[in-house]
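The structure appears below as structure tokens.
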Amino acid sequence: MHFEARFSAVGGQGIILAGTILADAAHILGMHAAGSPTYTAQVRGGPTKVDVIIDSEMVLYPRTTEIDFFLSLATDSYKRFATDLKPGCVVLVDPNMVEFSKEDEEKYNLYQVPVLDLTQKELGRMVYTSAVSLGTMVALTDIVTEEATKEALKKRAPKGTEMYNLKAFQVGYDYASELLVKKA
Amino acid sequence: MSDANESMRDVKFWPGNVVIAEAAAAAGCDFFAGYPITPSSEIAAHMAAILPKKGGHFIQMEDEIGAMGAVIGASLAGAKALTATSGPGLSLKLENLGFGYMVEAPCVIVNVMRGGPSTGLPTHPAQADVMQARWGTHGDHPTIALVPAFHHEMYTETIRAFNLAEQLRMPVLVLIDEVLGHLSDGMVPPKPGEFEIVNRPMWDGKPEDYQPYFDDKGDVPPFLPYFEGAQWHTTGLNHDETGFPTTNPELVTKQMHRLMRKVTGNRELIDSIDYYEADDAEIGIVSFGSTARAAMVAIKKAREKGIKVGMLRPLTIWPFPNKQVEEFSKKVKALIVPEFNLGQIVYEVERSVHSDMVIKRINKVGGVPINPNEILAGIEEVA
């Protein structure tokens, strides 16, 4: 088993932490996982991404070659980082934030989740964007279990925010699960 | 799930830079001096966080060469000292690195390589400082440089770097690159007691009799730290056993050969090579660090196609394992040398083997690492 995931957004949306939690969840399940963030000069506001590679064996080549899952929360990061995507790659975009082409819809398995609106409406604070994103990712790919991800999320969440992060995860997870049902 | 949970507790998901900092502390490092530079800064940041809690010292110096000076000073006062930098920073440290070899100060220098020359590509990787590590500082000098490729190796090789530095009383370099420095990977760090810690040979006579470069016990003179009873002279000039300068050709020759012998005479201790799928290989790869990981994937893919490829991967790149590469070359019909630069280690490979040997270079610059398919294409070309 070999799985490549890329989370991209703009700096400050917490996407690198989402990648770390995904890797933790993989470790909990006894798999191997490695993550490489890409840094830009800007601390906030610059396009940013993290690649997470999950494998049943030790990760050898630590960068992506054929991406199975791609998340983007900003047009800037979408344009810059939608590379190496496998045909049929699960692509998750926030339709309010990302402009994508018709060809992309045909080429990839594209899902539209208004991650930022959902976060604002259900949680009221944008810091939970990454947990909502992670919830949608887990529901759409099934690469790690809901339980393992929640366990990892609890450990990484800043003290006192565990409950809200878990709720955010659930919001994303439930939304994406419904999407899957509709699509089926 | 409970067993997996149990082991999860021991799994650390550290960036490579943090692995190196943790390993240094585990090796007994109690002093860090540095100047922040991408992509190595996390090593300094992590040392700043953990060293004071262990009773050690962290100092951010005014510049790179100052940091190298502080490391040598701390070492001569008895500390196990570390600095970390990237290529542009190492360029600035090189004058004092030479001083470190001359005064025989055990210390470890980590270079997290990025694209160059000059300020180059600060946030992107390269493997283009391997010759700098060997020949960067002027004059004849011994060099030890280690090139780990995986998280567990960054841990064990950092400890080995300290051990070699101590045992041989000399600076030792660890070269990784931005790929490894910023890569987070799961690892279970070894526990204390699971690895050896070596300390420098100490002077056991009276302090007043101490001569800092008196070497009757071998090529590594015993050490007495500053401020422990003896006043001794430290200079970058060639010096005799007392530490004072000399231009006496005989004494200078003796000193220079002894410095070189610390490496040439201890190859068994210093050399380290990993062979991957090498036993039945008909095509050989020589690669190191993060690029060797791409090569491993390429080897797997080539073998699925029935091409027998194997790899010699030095963990010690300096001194270069010329003899081992020569032996390896005799068993294969071609050698491939993938390195993330425009051709450096390939010169060492070329001078290790018979001049008729087919050697294919795979080189790249631009900040995007060599990927497995690029190496596979090279394999198929010579197959």
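General remarks:
- Against the test of being part of a strand (DSSP E or B) and out of contact with any Gly (no Cβ under 7 Å at 6 or more places or on another chain), the options B:Val337, B:Val346 yield a single qualifying residue, B:Val337.
- Among the conditions (1) within 14 Å of another protein chain (Cβ to nearest Cβ); (2) under 26 Å from A:Leu116 (Cβ atoms); (3) more than 14 Å from the chain's Cα centre (by Cα); (4) open to solvent by 10 Å² or more (accessible area, probe 1.4 Å), the only one that A:Leu85 does not satisfy is (1).
- The set of residues from the stretch B:363-383 being more than 10 Å from every other protein chain (Cβ to nearest Cβ) and open to solvent by 10 Å² or more (accessible area, probe 1.4 Å) comprises B:Asn363, B:Lys364, B:Val365, B:Gly366, B:Glu374, B:Leu376, B:Ala377, B:Glu380, B:Glu381, B:Val382, B:Ala383.
- Long-range neighbours under 9 Å by Cβ, at least six apart or interchain, first residue not assigned by TED's automatic domain parsing to the domain that holds B:Leu175 within the stretch B:16-27, second at pLDDT 95 or above and crowded, with 24+ Cβ neighbours inside 10 Å: none
- Filter result for B:Ala74 (small (Gly, Ala, Ser), open to solvent by less than 20 Å² (accessible area, probe 1.4 Å) and either touching a Cys at 6+ places or on another chain (Cβ under 9 Å) or in a strand (DSSP E or B) (or both)): yes
- Test set (1) over 24 Å from A:His32 (Cα atoms); (2) open to solvent by 20 Å² or more (accessible area, probe 1.4 Å) - A:Lys150 fails condition number: (1)
- Among the conditions (1) open to solvent by less than 40 Å² (accessible area, probe 1.4 Å); (2) closer than 26 Å to B:Trp318 by Cα; (3) among the β-branched types (Val, Ile, Thr), the only one that B:Ile65 does not satisfy is (1).
- The residue that is least open to solvent (accessible area, probe 1.4 Å), among those in the stretch B:42-62 that are out of contact with any Leu (no Cβ under 9 Å at 6 or more places or on another chain) and among the β-branched types (Val, Ile, Thr), is B:Ile50.
- The number of residues in the stretch B:280-319 being away from chain A (no Cβ under 14 Å), basic (Lys, Arg) and closer than 17 Å to B:His152 by Cα comes to 0.
- Residue among B:Asp216, B:Asp279, B:Asp240 that is within 22 Å of B:Leu315 (Cβ to Cβ) and more than 21 Å from the chain's Cα centre (by Cα): B:Asp279
The values are calculated or read from the model by the stated rules, or taken from the named source; none is laboratory data. These figures come from a predicted structure and were not determined experimentally. Please note: Cβ atoms are built from the backbone with ideal geometry, for glycine as well, and neighbour counts cover all protein chains shown. For the accessible areas, the whole protein counts, side chains as well, though only heavy atoms, and no ligand, DNA or RNA atoms are used. Shrake-Rupley method; radii C 1.70, N 1.55, O 1.52, S 1.80 Å.
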